[in-house]
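Right, one structure below, let's go through it.
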Amino acid sequence: MQKNLRISEAQLIYLANKARVENTVCGYLYKRSSDMGRWQQRYFVLHQNVLFYYENETSARPSGIALLEGSYCDRIIAPVGMKGRETEKQ
């Protein structure tokens with residue numbers, strides 16, 4: 001597994017723009033903020049093993065990225081007692 005990755009801002013912007021053009025998987029998801037722990041709606045674009053997220057669909061530059069190398073996803077079934085917005089965020 002690779003421990004270090006060097007990428008310039010120009011390379012990142014190029015890849016983000018390419019992802020927007022080829023957006024095979026994109027849409028709105030909720031992301032928990034790091035400062036207050038609140039849930040915020042963000043526009044996400046998946047390109048190969050990189051997940052870009054933006055403030056909204058029209059934002060020119062990504063707000064952040066997540067490298068998904070070695071990651072996996074499991075489906076979570078909401079408990080019976082969950083209702084409303086919490087279920088939507090799942």
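The values are calculated or read from the model by the stated rules, or taken from the named source; none is laboratory data. What you are looking at is a predicted structure, and each value in this text was computed from that prediction instead of being measured. Reconstructed Cβ throughout: ideal geometry from the backbone, glycine too, with neighbour counts over all protein chains shown. In case anyone asks, the SASA skips ligands and DNA or RNA and just uses the protein heavy atoms, side chains included. Shrake-Rupley method; radii C 1.70, N 1.55, O 1.52, S 1.80 Å.
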Estimated distance in nm for a label pair at N17 and R61, the labels positioned 7 Å out from Cα along Cα-to-Cβ: 1.4 nm
Full-extension gain in nm, Y28 to L5, via 0.36 nm per residue minus C-alpha separation: 5.6 nm
Fraction of accessible area attributable to carbon and sulfur, the range 2-44 (%, probe 1.4 Å): 50 percent
Highest to lowest packing among 48-59, 31-42, scored as the average C-beta count within 10 Å: 48-59, 31-42
